[in-house]
Amino acid sequence: FYRNFQVSKEETEGRLVYELGNRQWNIPKLRELLEQITDQNTRVDNFEVGHDFPHLGPRTMLLNARRFETRPGQPMIFLSIDDVTGQRKQLEALKRQAALLEMTHETVIVRDLKGIAYFWNRGAEEMYGWGKEEVLGKSVPELLQTKFPKSFAQVKEELLRTGHWEGELVHVRRDGEKRIVNSRWALQKENEGDPVLLEINNDITERKQSEENLRKLSGYLMRVQDEERRRIARELHDSTGQKLVAAKLNLETIAKDGRNKVSAKGSLSQTIKLVDEVTRDIRTVAQLLHPPLLDEAGLISATRWLVDGFSERSKIQVDLALPPDIGRLPENVEIALFRVIQESLNNVHRHSGAKKAAIELKRNAQHVSLQISDNGKGLSSVLSHTGQTKAFGVGILGMKERLAQLGGSLDVTFSKKGTVVKAVVPTE
Ligand SMILES: Nc1ncnc2c1ncn2[C@@H]1O[C@H](COP(=O)(O)OP(=O)(O)O)[C@@H](O)[C@H]1O
Ligand SMILES: [Mg+2]
């Protein structure tokens, strides 16, 4: 007491508690308590008093008091004062930290090396679907069916050696869905007892998924490019090249044998036919590469041209609702929308089994919207069971990516009545 409260024995003994020092113990609450004890024979257990002492500053004390009598009629009070200021501060800090961990949407788990859970925050509840009371005391890796990138023995070895570990885990949620998480572990060695570890998990399933999609997409783009080059090369070599060789032979014959008018006339008309064909071939190839109508006459005319060819080949009737007064759009927007129509019509032809399709284009001050619908079977039942987003092939992903780059978006809705592709692009 002397040391803690910086008073001497001489200043203290035989004096009223309330008068000690510079009357620092003249605390109304204490006075009230002590008076109660003498008068009513009560006792005080772990009573917390906060007081701002002149020299010591604010302290928190735990008071315990008992009444006893050394001689009958002479009640005394045994008073013990515990300065718990430091402990209280620690507890407050811990409580604040726990509240923070509770608030974060990251998954925070405290568990021992065997996996037994001691702490499971709200983020963990949200992510895995298991409540605290269901998890605490149970094995986390068992509950989440954790899959490690390497053996747990290796993970544990690294953890014990360096104090931490980081890697990707696969967890299974309560509803059975698999999630990929980036997991960070920090080992906390307790003075007594087994070490525990703090595990913080971040759901990166979506990121992984889009990385995978991007890989698929770029692979697809390369394949498409190769295929297109091969097709053009074959077209030029097998067909156009052969026709030009034939035309040249004809011309040589005419040059050598110029006086034979009858045979020259035959060769000439044959040559003209060949040159016509070559011209047509080259136009087709050029159109495959890039529809020239798109640059010259704009999206509407190019769409009409595309749809005519499509209906003829596929025997699918396509209704067009294209406003004549739409005007020209920026070049990259026109190309993107044209490719969306092209890919969507290909999908209608390849996947839908539809008899009819419709294309609708609209423009207002802010954006252009395009809709391609068909009356086909929609997404086949096998695919819809595995979840729509995962069923997207690279065609749909490619269109999405293309429009996203223009600040727009693309949505595909499959239903029993057919499929609707909706694209929106801002014109600003
Ligand atoms: N109009 C449609 N009708 C029915 N199913 C479609 C239609 N469009 C797309 N699909 C389905 O969506 C899948 C993904 O399409 P897409 O991304 O273009 O890839 P791909 O055409 O290469 O398969 C298709 O495989 C098909 O199952
Ligand atoms: Mg496709």
Problem - Options Asp276, Asp325, Asp319: the member that is under 19 Å from Val425 (Cα atoms) and either surrounded by fewer than 17 Cβ atoms within 10 Å (Cβ to Cβ) or free of Cβ contacts under 8 Å to residues at least 12 places away in the same chain (or both) - result: Asp325
Problem - Residue match in region 350-367 (condition: modelled with pLDDT under 90, part of a helix (DSSP H, G or I) and either more than 13 Å from ligand 2 (Cβ to nearest atom) or in the same structural domain as Lys216 (by TED's automatic domain parsing) (or both)) - result: no
Exercise for the section: Please find, among Gln24, Gln87, Gln97, the residue that is farther than 30 Å from Asn202 by Cα and without any contact (Cβ under 8 Å) to a residue 24 or more places away in the chain. Expected result: Gln87
Handout entry: Test: residue in region 335-349 that is away from ligand 2 (no atom under 16 Å from the Cβ), among the aromatic types (Phe, Trp, Tyr) and not assigned by TED's automatic domain parsing to the domain that holds Leu249
Key = no
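A quick yes/no check of all residues on (1) touching a helix residue (DSSP H, G or I) at 6+ places or on another chain (Cβ under 6 Å); (2) of a type in the set (A, V, I, L, M); (3) within 30 Å of Arg179 (Cα to Cα):
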| site | (1), (2), (3) |
| --- | --- |
| Leu214 | no, yes, yes |
| Gln225 | no, no, no |
| Arg229 | no, no, no |
| His237 | no, no, no |
| Lys243 | yes, no, no |
| Ala246 | yes, yes, no |
| Glu252 | no, no, no |
| Lys273 | no, no, no |
Handout entry: Condition check for Arg71: within 30 Å of Glu177 (Cβ to Cβ) and basic (Lys, Arg)
Key = no
Completion exercise
Here, strands (runs of 3 or more DSSP E) confined to region 40-138 with at least 2 residues that are among the charged types (D, E, K, R) are 44-53, 57-71, 74-83, 107-112
Exercise for the section: Test Gln209 against the criterion of being more than 19 Å from the chain's Cα centre (by Cα) and either acidic (Asp, Glu) or more than 26 Å from Gln97 (Cβ to Cβ) (or both), and give yes or no. Expected result: no
Handout entry: So Lys138, is it surrounded by 13 or more Cβ atoms within 10 Å (Cβ to Cβ), basic (Lys, Arg) and touching a Lys or Arg at 6+ places or on another chain (Cβ under 9 Å)
Key = no
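The values are calculated or read from the model by the stated rules, or taken from the named source; none is laboratory data. Since the model is a prediction, treat every value here as computed from it, not as a measurement. With ideal geometry, Cβ positions are generated from the backbone for all residues, glycine too; neighbour counts draw on all protein chains shown.
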